[in-house]
Amino acid sequence: MARTDTRERILDTAERLFFVDGIGVTGVDRVASEAGVAIATLYQHVGSKDRLLSAVLERRLAAWTSQWEASIAAAGSPRDRVLALFDALVEFRRTSGTTQWCCFLATASERPRDGTDDPVLRLVEADTTALVERLRELVDDAGLADPEATVARLVVVYNGALASLLRGAPADPLTEARAIAELVLPAAS
């Protein structure tokens, strides 16, 4: 089996276990066992649990960014490009690996900020920064009034939709989030 196939199998397994069962309760020994590799093989591919988590988040961020950009490209108007965030969420959830909710929010919820430089939390911050900056660009391009408030509201709706996946209510929070986002978008200036 090719080295990349083994690495992808390890990452797939870690992603499923980390973001369904929890990061803290999932040991690398379990990841290795369920990926069908020796623990030494796992360490050869990813190093430590933190590096494994970082690799999973890096891959997830790249896949999410690609999906969001595809949804933006498919949107018909500047306003629809703003709303493409929610179209991308629906499609990403449909096509990506099973998780309880957002991998980045899950990581942030399990990882205390202790003031040290944490590469894993840097990835969480990178996801947040990318979300806010890209939304700001899209809102500006759409000529929407009060761009800062609009971005803030959209981020709250986005985070709320992802958190609603944990509760199981409403039944389809991602579609509901798009409908709410349409209501909170200000009129074009």
**Unit charges on C-beta of K, R, D, E only; dipole of the stretch 91-189, Debye** = 360 debye
**Message:** Within the chain, what whole-number % of the accessible surface is contributed by carbon and sulfur, with the 1.4 Å probe and all protein chains included in the calculation?
**Reply:** 53 percent
**Item:** Principal axis box of the chain, alpha-carbon based, largest edge first, Å
**Value:** 59, 37, 30
**Prompt:** Of Leu166, Leu53, Leu174, which is the most mobile in a GNM of the chain whose springs link Cα atoms less than 10 angstrom apart?
**Reply:** Leu166
**Prompt:** Accessible area per residue, 1.4 Å probe, Å², for the stretch 66-189: what's the number?
**Reply:** 52 Å²
**Message:** Which log10 I(q)/I(0) values does the stretch 2-43 give at q = 0.35 Å⁻¹ under the Debye formula, counting every alpha carbon as one identical point scatterer?
**Reply:** -1.24
**Complete:** With 0.36 nm assigned to each residue of separation and the Cα-Cα distance removed, Glu133 to Ala152 gains 5.7 nm
**FRET efficiency for Thr41 and Ala63, using Cβ-Cβ distance with R0 set to 35 Å, rounded to 0.05** = 0.90
**Most mobile of Gln100, Gln67, Gln44 in a GNM of the chain (Cα contacts under 10 Å)** = Gln44
**Asked** About its Cα centre, how strong a charge dipole does the chain have in debye, to the nearest 20, once Lys and Arg get +1 and Asp and Glu get -1 at the Cβ?
**Response** 400 debye
**Prompt:** Normalised by the residues of the stretch 1-140, what does the relative contact order come to in percent, with Cα pairs under 8 Å and at least six apart?
**Reply:** 27 percent
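The values are calculated or read from the model by the stated rules, or taken from the named source; none is laboratory data. Everything quoted here is computed from the prediction, not taken from an experiment. Heads up, the Cβs are rebuilt from the backbone with ideal geometry, glycines too, and the neighbour counts pull from every protein chain shown. Accessible surface areas use protein heavy atoms only, side chains included; no ligands, DNA or RNA. Shrake-Rupley method; radii C 1.70, N 1.55, O 1.52, S 1.80 Å.
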